[in-house]
Amino acid sequence: MKKSAFFAALLCAVSSGAYAASDVTLYGVVDGAVSVSKVKGQAARVGFDNGIWAGSRFGIKGNEDLGSGYNLGFILEQGFKTFSGDAMNSSKAFARQSTLSLSTPFGTFAAGRTGGLSSDCGTYNILHGSSLWTSYYSTGNIYGTFILSDRMDNVLLYNTPDMNGSTVHFMYSNGMGENGDEQKWSKDDHYYGVGYEYAKGRALFSAMWEMYDHKEHNLKSSQIFTMG
């Protein structure tokens, strides 16, 4: 009994010390609405809808200053359904993002699960809106025009330091498909992405090239587009 109490106290002390040494934040978004919709020739529908604008999610993010311009960080983020509490992806504990990162004077390195360069989701996405995105110019949106990348597992990335508003982004995913990276490299699905972003003052522009290498289906696809 005394031994159990001792180890419990020791664990609390270590946990408290680790928490005090790091900047850890719990955050989230709750997004939902009661909606009424009507399709011609069919009865009206009244129901609860999730993710009307941003998508409900909760997350934990942390950062620790290692000194001399080095910072170690992590993000764990999961989506959920507002009105039921169910996970949006029941197969993963943190399906929206799960990454470890190291920021240095020479750039940022990260690994884990996150969105691709054009995914419009995750910390390392560099897709930006344009006049085509807003309903002021069009009733459609960017998703009807481009095939965007998605969230992926087994991501490695490197972002250069800010160079007077310019940054270059390199991203790779090993085994992003259904089989993960359990097979040998030549049989895995791969993602390759290179992007450029300029952000200074009110100016915002990005250009990127992405390629999917689907080994299982012997398919390759690539795209290049720019957004300002």
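At a glance:
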{"quantity": "Qualifying residue in the range 134-145 (condition: surrounded by 12 or more Cβ atoms within 10 Å (Cβ to Cβ), of a type outside the set (A, V, I, L, M), under 25 Å from Phe106 (Cβ atoms) and at pLDDT below 90)", "calculated": "no"}
{"quantity": "All positions within the range 176-185 that are over 14 Å from Met211 (Cα atoms) and either at pLDDT 70 or above or assigned to a strand (DSSP E or B) (or both)", "calculated": "Asp181, Glu182, Gln183, Lys184, Trp185"}
{"quantity": "Any hit, the range 102-120, residues being surrounded by 14 or more Cβ atoms within 10 Å (Cβ to Cβ), under 30 Å from Thr167 (Cβ atoms), out of contact with any strand residue (DSSP E or B) (no Cβ under 9 Å at 6 or more places or on another chain) and not polar (S, T, N, Q)", "calculated": "yes"}
{"quantity": "Where a residue in the range 147-165 is in a strand (DSSP E or B) and its partner, wherever it lies, is of a type in the set (Asp, Glu), with Cβ under 6 Å and at least six apart", "calculated": "Asn154/Asp181"}
{"quantity": "Residue that is nearest to the chain's Cα centre (by Cα), among those in the range 80-126 that are over 18 Å from Arg57 (Cα atoms) and among the hydroxyl-bearing types (Ser, Thr, Tyr)", "calculated": "Ser118"}
{"quantity": "Matching option when the condition is of a type outside the set (A, V, I, L, M, F, W, C), assigned to a strand (DSSP E or B), under 20 Å from the mean Cα position of the chain (by Cα) and modelled with pLDDT of 85 or more, among Glu77, Glu64", "calculated": "Glu77"}
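The values are calculated or read from the model by the stated rules, or taken from the named source; none is laboratory data. Here the structure is a predicted model, which is why all the values come from computation and not from measurement. Neighbour counts are summed over all protein chains in view; Cβ atoms, including those assigned to glycine, are modelled from backbone coordinates with ideal geometry.
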